[in-house]
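J.: Right, I'll just put the structure down here and ask away after.
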Amino acid sequence: MDQENSLSPDNPDSYIAAAFETDDPASIAKALGEVARTRNMSKLAKDVGMNRSALYRALSGDGNPEFATILKVVKALGLRLTPVPAACLLQPQRQH
């Protein structure tokens with residue numbers, strides 16, 4: 001799989017990970033929203049405990065969702081946030 005195809009909402013793990021690497025809250029929220037839109041947004045909103053339009057706004061990239069909302073969306077998408085020491089991010093990854 002090439003880099004372009006791996007960074008699309010259809011590949012949520014890589015797409016969301018790339019958004020988190022930007023350290024930009026709006027980019028993270030927007031990426032979560034784009035991935036959410038590839039799923040059933042009504043079900044996701046129910047799982048998160050929000051109405052659909054509020055969830056769309058929160059994940060638009062222009063919204064300012066609470067951290068609790070981000071965690072709920074990540075979990076509802078079948079993902080989880082895992083802290084990684086910043087030093088690990090600076091080390092080159094080995095090719096296998």
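FYI, it's all coordinate maths here, none of it is from the lab. Nothing here was measured: the structure is a model prediction, and the numbers come from that model.
J.: Between residue 18 and residue 47, what is 0.36 nm times their sequence separation minus the Cα-Cα distance? Round to one decimal in nm. Before the final figure, lay out each step's value.
T.: Numbers: separation 29, 0.36 × 29 = 10.44 nm, distance 2.44 nm.
Extra length from residue 18 to residue 47 when fully extended: 8.0 nm.
J.: Next question. Which length gain, in nm to one decimal place, applies between residue 26 and residue 39 when the Cα-Cα distance is subtracted from 0.36 nm times their residue separation?
T.: Details: separation 13, 0.36 × 13 = 4.68 nm, distance 2.02 nm.
Taking residue 26 through residue 39 to full extension adds about 2.7 nm, to one decimal.
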